[in-house]
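> Please find one structure pasted underneath; my questions will follow.
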Amino acid sequence: NKYIEKLGSCNIMIMNHVRQQAIGNIITGLYLGMMVYINKKSPVFKLLYNKKIIFYTVQDDLVPENTAALSSLPKAAIEHNRQIIEKYWNKDAVYKLIENIYRTAIPDNII
């Protein structure tokens, strides 16, 4: 709870890595209404883009000429992101994903 509280005190999250990592933190940041910046080379970029989540890129948006880059995410964008996150990452969806991974990874004769 303290970690989420600390995240909630921030307006901006910059994830400039190119490996798939921190997806839980990224989704949490988006849900909390943060302006999240992702590296375009990261697999997370494609995931968020395909889900139509509103986020920003390090390469295009986090540049000195963009004075709005360090502002707050508009309320409409926050609500848009929350609706998508609740659709794809709700408890039931996550359990189903885990079950599918488990069924794919474990042969039937072992279960």
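> Of the accessible area of the chain, with the probe set at 1.4 angstrom, what percent is carbon plus sulfur?
Numbers: 4370 of 7870 Å².
So the carbon and sulfur contribution to the accessible surface is 56 percent.
> Can I ask one more? Using the heavy atoms of the protein chains alone and a 1.4 angstrom probe, what is the accessible area of the chain per residue in square angstrom?
Details: 7870 Å² over 111 residues.
About 71 Å² of surface per residue is accessible.
> Let me ask another. What percentages, rounded to whole numbers, describe P(r) for the chain computed over all alpha carbon pairs with 5 Å bin width beginning at zero?
Per 5 Å bin, starting at 0, the Cα pair percentages come out as 2, 11, 19, 21, 19, 12, 6, 4, 3, 2, 1, 0.
> At a threshold of 8 angstrom on Cα-Cα distance, excluding pairs fewer than six apart, so keeping six or more, what relative contact order does the chain reach in percent? Before the final figure, lay out each step's value.
Numbers: 112 pairs, mean separation 25.8, N = 111.
In percent, rounded to a whole number, it is 23.
> Let me ask you something else. Determine how large the accessible area of residue 6 is when every protein chain is in place; take a 1.4 Å probe and give Å² rounded to the nearest 10.
Accessible surface of residue 6 is approximately 140 Å².
> Further question on the same structure: If you take every residue apart from residue 69 with its C-beta less than 11 Å away from the C-beta of residue 69, what net charge results, scoring Lys and Arg +1 and Asp and Glu -1? Don't jump to the answer; show the numbers that get you there.
On the way: positive: none; negative: 60, 61, 65.
That sum, taken over residues with Cβ under 11 Å, equals -3.
> Above 13 angstrom, tally the Cα pairs of the range 48-98 and express them as a % of all pairs, no decimals. Display every interim value, and only then the final one.
On the way: 852 of 1275 pairs.
Result for the distance tail: 67 percent.
The values are calculated or read from the model by the stated rules, or taken from the named source; none is laboratory data. A quick note: this is a predicted structure, and the numbers were derived from the prediction, not measured. Neighbour counts are summed over all protein chains in view; Cβ atoms, including those assigned to glycine, are modelled from backbone coordinates with ideal geometry. Surface areas here come from the heavy atoms of the whole protein model, side chains and all, with no ligands, DNA or RNA. Shrake-Rupley method; radii C 1.70, N 1.55, O 1.52, S 1.80 Å.
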